[in-house]
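Nothing in this text is a laboratory measurement; each read-out follows from the coordinates by a stated rule. Just so we're clear, the structure is a prediction, and the values are computed from it rather than from any experiment. Virtual Cβ from ideal backbone geometry, glycine too; neighbours counted across all protein chains shown.
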Amino acid sequence: MSLTRIEQWDVRRDGPLSEASLQGKLEQLGFDVSARIYPATIATTSHSDARDSVTAVVGGLVRLTADDEPEMLIAGDLAFIPGGVARRLEVVGSAPALCLEAYRAGS
């Protein structure tokens, strides 16, 4: 069972998907947000953070592995990762990925 909870953007509930709307949603949930563009085929090194975090995909296709459990994420997917869980992000395909990396505010 994966420790990561995946939530998908719901246009009916959340409105049109954009970087600004996704960032606003994460901020309303109490997260500090940073945008990152990951080049095609890049893989980040595995790391963990004591804070709860979210990786949200604005555009592109990424494989997020959290505690050895891989999940494919597309635009509009939000992966909620508990603090202390090891994670690795890999861009899949020939296009870069725009992601929002968010950490629980005040932690």
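Below are the figures for this structure:
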quantity: Check: region 5-104 dipole with +1 on Lys, Arg Cβ and -1 on Asp, Glu Cβ, in debye; calculated: 120 debye
quantity: Cut-off 13 Å between beta-carbons: net charge of the residues surrounding Glu90, Lys and Arg +1, Asp and Glu -1; calculated: +2
quantity: Full-extension gain in nm, Ile37 to Ala86, via 0.36 nm per residue minus C-alpha separation; calculated: 15.6 nm
quantity: The chain: calculated mean residue ellipticity at 222 nm from DSSP helix runs of at least 4, using -39500 (n - 2.57); calculated: -3500 deg cm²/dmol
quantity: Among Thr65, Ala43, Leu22 the positive-end extreme of the charge dipole of region 5-104 (Cβ point charges); calculated: Leu22
quantity: Shape category assigned to region 5-104 from the gyration tensor of Cα positions, a/c cut at 1.5; calculated: oblate
quantity: For Thr65, net neighbour charge (Lys/Arg +1, Asp/Glu -1) across residues whose Cβ lies under 9 Å away; calculated: -2
